[in-house]
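A.B. asks: Take a look at the following structure, please.
The values are calculated or read from the model by the stated rules, or taken from the named source; none is laboratory data. Note that the structure is predicted; figures quoted are calculated from it, not measured. Cβ atoms come from the backbone with ideal geometry, glycine included; neighbour counts cover every protein chain shown. Note: areas computed on protein heavy atoms with side chains; ligands, DNA, RNA excluded. Shrake-Rupley method; radii C 1.70, N 1.55, O 1.52, S 1.80 Å.
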Amino acid sequence: MTFDAIKMPDTPACATALEVATAYCSPALLNHSIRAYVWAAAYGTEQGIDFDPELLYVAAMFHDIALMPEFDSHTVGFDNASGHVAWVFAAGAGWPQARRQRLVEAVVAHMLDEVDVTADPEGFLLERSTSLDISGRYMDDFSDAFKAEVLEAYPRLGIAEEFLGCFRDQAERKPESSAAAAIRNDIAQRILTNALDA
């Protein structure tokens, strides 16, 4: 697998999702979202997983958007709030109800410990890719050369410290959230020792 082999899906919804993510996400979080798609699409392609590139791309663009102040919710965790934002976006894009729901499922799934690849291939791939990018899991999924190509194209820009700050804020304000559970399970150490930042 080479970085050049990963093509971004070229649809109006994907272009607009990138526009929205660029407008609201910090540079570090935007690059993380793009890398999340690249890691996911590369792994899915290599493993022969049948996934929907457009749905996966839009999910990647929106999976963390509720970490941004404009979309932060005082009632639900960022993963669920991000799912709500994604649903509204997809409705505006004209996606049918069932496809909107699949998008929400994929967004929310990225914070689960385990996702059934047969039931939710996009959620499975997004969980795997975001875990690699943030906490350094699944580091052996790709060669060092491929990882270097991806990081050169989309640098990390201090994502570890920024992301950990967002999670600590979420955990303090929303103790029942997935972010709070991750902090209790020592994600901080994994984030700060992620080999992608070495």
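A.B. asks: From the helices alone, meaning DSSP H stretches of at least four residues, give me the mean residue ellipticity at 222 nm for the chain, per-run term -39500 (n - 2.57), in deg cm²/dmol to the nearest 500.
C.D. replies: On the way: 10 runs with 124 residues, N = 198.
Mean residue ellipticity, 222 nm, calculated: -19500 deg cm²/dmol.
A.B. asks: If you stretched the chain out fully between T16 and Q97, how much longer would it get, using 0.36 nm times the residue separation minus the C-alpha to C-alpha distance? Show your work: numbers first, answer last.
C.D. replies: Working: separation 81, 0.36 × 81 = 29.16 nm, distance 1.90 nm.
So the extension gain works out to 27.3 nm.
A.B. asks: Let me ask another. Give me the percent relative contact order of the chain, please, defined on Cα pairs under 8 angstrom at least 6 residues apart. Each step should come with its number before you reach the end.
C.D. replies: Working: 266 pairs, mean separation 46.0, N = 198.
It comes to 23 percent, rounded to a whole number.
A.B. asks: Expressed as a whole number of Å, what is the distance separating the alpha-carbon centroids of region 133-153 and region 72-118?
C.D. replies: Here the answer is 25 Å between Cα centres.
A.B. asks: Then there is this: Of A60, Q101, P9, whose Cα points farthest to the positive end of the dipole of the chain (charges on the beta-carbon: +1 Lys, Arg; -1 Asp, Glu; origin at the Cα centre)?
C.D. replies: Q101
A.B. asks: Turning to a different aspect of this structure: Give me the number: length gained by fully extending V76 to E161, i.e. 0.36 nm times residue separation minus the C-alpha to C-alpha distance, one decimal in nm.
C.D. replies: Values: separation 85, 0.36 × 85 = 30.60 nm, distance 2.29 nm.
Difference between extended and current length: 28.3 nm.
A.B. asks: Treat every Asp and Glu Cβ in the chain as -1 and every Lys and Arg Cβ as +1, leave all other atoms uncharged, and give the resulting dipole magnitude about the Cα centre to the nearest 20 debye. Can you show the working numbers first?
C.D. replies: Working: 14 positive and 31 negative charges, 72 e Å.
Computed charge dipole of the chain: roughly 340 debye.
A.B. asks: Please calculate how many Å² of accessible area the chain carries per residue, with a 1.4 Å probe and no DNA, RNA or ligand atoms counted.
C.D. replies: Working: 9020 Å² over 198 residues.
In whole numbers, the chain has 46 Å² accessible per residue.
A.B. asks: Between Y138 and N185, what length comes free when the chain is fully extended (0.36 nm per residue of separation minus the Cα-Cα distance, one decimal in nm)?
C.D. replies: So the extension gain works out to 15.2 nm.
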